[in-house]
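Derivation of every value follows stated rules applied to the coordinates shown; laboratory data play no part. Since we're looking at a predicted model, the values are computed, not measured. With ideal geometry, Cβ positions are generated from the backbone for all residues, glycine too; neighbour counts draw on all protein chains shown.
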Amino acid sequence: MTEILQHWTLILALVLIGGFAGVVSGLLGVGGGIVLVPAFFYAFNVLGYGEGQVMQVCVATSLATIIITSLRSVAAHHRKGAVDWSVLKSWGPWLVISAAIGVYVAARVPSQALQAVFGVLAGLAGLWMAFGRDSARLGAAMPGEPLRGMLASAVGFFSAMMGIGGGTFGVPLMTLFSMPIHRAVATASGFGVLIAVPAVVGFLMVPAEGAPPYTLGAVNLPAFLVVIGTTLLTTPWGVRLAHAMNPKPLKRAFAVFLTLVALNMLRKVMF
């Protein structure tokens, strides 16, 4: 009876996590992974699955959901003609290779190391959301080689290690090189597929120690299925809210929330 109750508690927690991630993604245009990874981490810890390689499970499961949501997103953006396919083609090989390398590293480091990586980079993302200037520019056009390969590799590697789809880093990078924000968001939706597919394939072949029940490799199947269902349901709600109100104050509030989550994860690593 206790085990059954624990399973239902996990499912309820996953429904709430997926619902929140969907609304935030639709409302603020941020990838669900930046919400899902810490939410998975705290939910699994509260339910007693905080030992072993729990962070690997959070990262891998988040990436599995990103395959579905990114395919849906890039198809929708493509219908509107917003995706820059030349950028996806030129960045794609670097993203795929670096994501595979990111999984190789993530599978072999302690869970605390992944927590530290997520905490630092999510904190920086939160600060950029709060204080970054939309007018800032590094160039008048997207860079060529070798800078393109270096930037794409960094996006793929760290996104795979964090369990996010690439938009968190890709959108600011592309706007810094003068790509219009809507085109950058549309193009970055394609980054998610290129990063998540090789990453998930790698994580499926790496058993995670101390994983929650029904975990295949490092991907928790109940979390994947429940979150996909609720995220696809609630993302349109977030989109409607975005059109009904000014999202800028909410984006700053989310930036503060994300920074606090990142700092709390770093606190758990250090103490």
Extreme residue, positive dipole direction of the chain, given options Thr168, Tyr42, His182 (C-beta unit charges): His182
Furthest towards positive pole of dipole, Pro198, Pro213, Gly22, structure part the chain, Cβ charges: Gly22
Cα centre as origin, Lys/Arg/Asp/Glu Cβ charges: the chain dipole, Debye: 800 debye
Overall form of the stretch 36-108 per C-alpha gyration tensor (a/c, 1.5; a/b vs b/c): oblate
Of the DSSP H helices in the chain, those whose Cα atoms cover at least 15 Å axially and whose Kyte score averages -1.0 or more: 2-28, 33-46, 54-79, 85-106, 111-131, 147-162, 181-204, 221-244, 247-270
Proximal lysines to Lys248, defined as alpha-carbon separation beneath 26 angstrom and excluding residues fewer than eight positions away on the same chain: Lys80
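Once you order the gyration tensor axes a ≥ b ≥ c over the Cα atoms, which shape class does the stretch 175-271 get: rounded for a/c under 1.5, otherwise prolate or oblate by comparing a/b with b/c?
Prolate shape, in that a/c is at least 1.5 and a/b is the bigger ratio.
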